[in-house]
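Encoded as structure tokens, the structure appears first; notes follow it.
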């Protein structure tokens, strides 16, 4: 009898345990979820009512990045702890916003890889590597990052750095289809943005404007990958005739007449590298169009014309790609002031009535509220200090530029600058507080006209001397010192902005720019990471810091919130990178950044990161041989033209510390011979001679001597 009772108890406990496991974890067979990513149009349309999941890049089609979950609140956030973590395979930048669908987390990582994890435990379910060629890294203006994936009908859809759009079976991690999005495989196109899906179509743009490409956005069938339509954002060579694209009609009616000179030789830019938003209320697609190529309006279009659709928001028919309306924030753009930053949809009381609006905080420093039915500008006010324009004229929608801002008669230090008052890092909107939470920054750059412009296909072609601008009054003669001086002026903030009153409500000061995207929640919280590696929770009403966690590496990605088995989680990816991340040197003793992480938190999560010991970078390594002043001067010019854009911080190797700096043959083998092509350092033999390569080594050696002196004086590299 006792044994029978014991067996009954064991059987009952086993049944209870089985029930708990079923309720607590995603339904799996062999480690892969059943009915994985079962997302369709009805489910996406109703996403705002589905509090447990985060099914698209901005959670809902409005892309407000607001979670209605409130188990984690301002009252108990102090009890928030790590629930689990997943270490990634690289220390390159991580910019993705994960998706969580029915207990499974899907995200992309650096080099366009994709991983699926149990959202409750962090257990890896599958991983997919599209095997992006290492050589493609040289075309990635701002690191080998990827901002996220889309889900549709059992598939996880992602775009790769080398221009493919791929669909992965969400259950097995196997490739379903792959299509080439590029109009020209020989051009330096890249893709880093997250695709969007609506009405059975996948929408994706591309990047590469600085290197000389022509921008466009494309729609593909979500089931097959077949091209549905394409809209070019800038006109092509008129001698080649129409593109047979959705943009042909509007080019003939409006856009082509706004361009001058032989603009088509430069491919003209206008890439749609990030913001693409679907509006189910109006069945419209909004795209944010980027900067010109070259940046410099004088070179690109003979200094004339508005250059549509650069620096614009364009509304399209998502079914056909047909043009509906546009608003151009920067006519004749010349500062790299694109409008690729997040577009957010809302209905707000503006001018005495509720209006369907879209909102954007683009690079140029003005916060825009636009009627999304008509494209009419409703308001625009500076959300950071702006010195290139007086204001935005609401009658014409055009900025009133300040004298000298176009740097025609001499250098102009612009703030904000090409790095943006707000970059791609996501902002969020809390309907309860009525505030938008923006990761802002103020990073000045000195713009000047180049003495001469030599267009080099596939390399940086800004047409602006900004990496080594001429010294102003009282500035150091050394270009590297001038850039360091500029960096010292840079600062970052978390800004709470009232989009109706168009004014600041509160701000949190960061040590540096290039900090993480934001998430706002019904628990009266704002979550945001920073470049020092802290993941923070702030009061949504006051900005008071309520909690923080050290993630080892800087956080620039956007956080999410989701629910499994009734428990709320907050998740974010760490891994400092991107353009400013790559350019940010460490403070104090130089370290090699650790690998990135996927981190998930819950109340009393109980997990801990293992102890971490920093890995220090090697000391400065100047060669013993001597170089002439002429070699150093030539090397500086070549370095600034071809090398400085990548080798500026701690993620890409600091050449002053390189082990091959003392070896001429090894140096030539890399720069000219391409011996590190698989790691992203391609041969520059088409642009540099062996004499040029040796001159660059001379310049780096000169800089290494100065660094060694600094290290010895400060003792930061002492052992």
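Computed from the coordinates by the stated procedures, all read-outs in this text should not be read as laboratory data. Treat the numbers as computed from the prediction; the structure is a model and nothing was measured. All Cβ positions, even for glycine, are placed from backbone atoms using ideal geometry, and neighbour counts span all protein chains on display.
Computed values, structure above
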{"item": "Residue order, fewest to most beta carbons within 10 Å, for 372, 300", "result": "372, 300"}
{"item": "Segment residue 613-residue 302, extension gain: residue separation times 0.36 nm, minus the distance between their alpha carbons", "result": "106.5 nm"}
{"item": "Residue 124-residue 592 FRET efficiency (beta carbon distance; Förster radius 25 Å; 0.05 resolution)", "result": "0.50"}
{"item": "For region 124-172: relative contact order, % (alpha-carbon pairs under 8 angstrom, 6 or more apart)", "result": "29"}
{"item": "Fully extended contour minus Cα-Cα distance, from residue 544 to residue 256, at 0.36 nm per residue", "result": "98.6 nm"}
{"item": "Förster-model FRET efficiency, 56 Å R0, residue 628 and residue 393, C-beta, rounded to 0.05", "result": "0.55"}
{"item": "D (Stokes-Einstein, µm²/s), Kirkwood Cα radius, region 48-87, 0.890 mPa s at 25 °C", "result": "201"}
{"item": "Packing-based order for 604-615, 41-52, 543-554, using average beta carbon neighbours within 10 Å, highest first", "result": "543-554, 41-52, 604-615"}
{"item": "Gained length - residue 319 relative to residue 710, 0.36 nm times residue gap less alpha-carbon distance", "result": "134.8 nm"}
{"item": "Ranking of 257, 112, 579 by count of other Cβ atoms within 10 Å, fewest first", "result": "257, 579, 112"}
{"item": "Per-residue Cβ neighbour rank within 10 angstrom, fewest leading, 86, 425", "result": "86, 425"}
{"item": "Rg to Rh quotient for region 561-715, alpha carbon positions, Kirkwood Rh", "result": "1.13"}
{"item": "Ordering of 345-356, 665-676 by burial proxy (mean other Cβ atoms within 10 Å per residue, highest first)", "result": "665-676, 345-356"}
{"item": "Relative contact order (percent, whole number), region 618-714, Cα cutoff 8 Å, 6+ residue spacing", "result": "43"}
{"item": "Value in Å of the Kirkwood radius, where region 268-309 supplies the Cα pairs that are averaged", "result": "11.8"}
{"item": "Region 275-431: equivalent-ellipsoid semi-axes (sqrt of 5 x gyration tensor eigenvalues, Cα, Å)", "result": "26, 18, 14"}
{"item": "Pairwise Cα inverse-distance average, inverted: Kirkwood Rh of region 311-384 (Å)", "result": "13.0"}
